[in-house]
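The values are calculated or read from the model by the stated rules, or taken from the named source; none is laboratory data. Because the structure is a prediction, the values reported are computed rather than measured. Cβ atoms come from the backbone with ideal geometry, glycine included; neighbour counts cover every protein chain shown. Just so you know, the surface numbers come from the protein's heavy atoms only, side chains and all, with ligands and any DNA or RNA stripped out. Shrake-Rupley method; radii C 1.70, N 1.55, O 1.52, S 1.80 Å.
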Amino acid sequence: MSAPFASAPPALAVERLNAWYGAAQVLYDVAFTVGRGEVVALMGRNGAGKSTTMKAVMGLLARRSGTVLLNGRDVSALRPFEIARLGLGFTPEDRRIFSDLTVMENLDAGRQPPRAFADGTPAPAWTCETLFRLFPNLAEMRHRLGGRMSGGEQQMLTIARTLMGNPLVVLLDEPSEGIAPVIVEEIADTIVELKKRGLSILLSEQNVGFAEIVSDRAYMLEKGQIRWGGTMAELAENAEVQRSYLTL
């Protein structure tokens, strides 16, 4: 697969990203790009640094260094809410929906104004109704409390809530983890549709099959360092890379 906006400047560019938990360094000069309308998989075993990379990009780690460019703008020194307001969405692995709020109220909590790309082109804009067409299951439970939803339904809700912020780029952390296969298929279809609409996605994933369906390119992380990068077709043909960085 190739991104439909391959000639556009990167929607997200990360250079020499380092991060620490206390005195322990966990990321080492991580660098990657995500093009406009492109899905890039950040892959590796548990503990490789995938979620930490996303948190560092989002500004959620107190100690980090490096450069993060969002839509051509340097957001490296900004706080998480400032980065979010500029169009970076984050769906964490633990979902973090508001369990005491309904689906509609959760969506309203994520609402932000429409945006434009660096070249002035309007970015995809989302409303509750357009999201209900994308997630029909949510439409049927719009008045249900978040705490009364299954794990897969909550995953759909957290993605939809992120989209209500009209992001230019979404950081999607382990979307297929711990949910039913039928929901995994629906989320894969959703990601493909989002890509068609011009949304850029950085996907943290261990499931090669899932990543192959939705992603254009992949980077392999090991011990906080990028060890390999290439297209999904190149990854599918490279058993040695899969064995070195994904198998237990």
Residue list for region 216-243, restricted to those being in contact (Cβ under 8 Å) with a residue 60 or more places away in the chain and of a type in the set (Asp, Glu): Asp216, Glu222
Exclusive hit being of a type in the set (Ser, Thr, Tyr) and closer than 20 Å to Pro9 by Cα, set Ser150, Ser76, Ser99: Ser76
Residue within region 206-215 that is at pLDDT below 95, out of contact with any Ser or Thr (no Cβ under 6 Å at 6 or more places or on another chain) and closer than 27 Å to Ala24 by Cα present: yes
Of all residues in region 112-129 being among the charged types (D, E, K, R) and touching a residue at least 24 places away in the same chain (Cβ under 8 Å), the one that is most open to solvent (accessible area, probe 1.4 Å): Asp119
Residue list for region 92-111, filter: small (Gly, Ala, Ser) and exposed (fewer than 15 other Cβ atoms within 10 Å of the Cβ): Ser99, Ala109
Set Gly66, Gly89: member being in contact with a strand residue (DSSP E or B) (Cβ under 8 Å, 6 or more places away or on another chain), surrounded by 18 or more Cβ atoms within 10 Å (Cβ to Cβ), at pLDDT 95 or above and not in a loop (DSSP other than H, G, I, E, B): Gly89
Given (1) of a type in the set (A, V, I, L, M); (2) in contact (Cβ under 8 Å) with a residue 40 or more places away in the chain; (3) assigned to a helix (DSSP H, G or I); (4) within 12 Å of Ala41 (Cβ to Cβ), index of the condition Ile213 fails: (2)
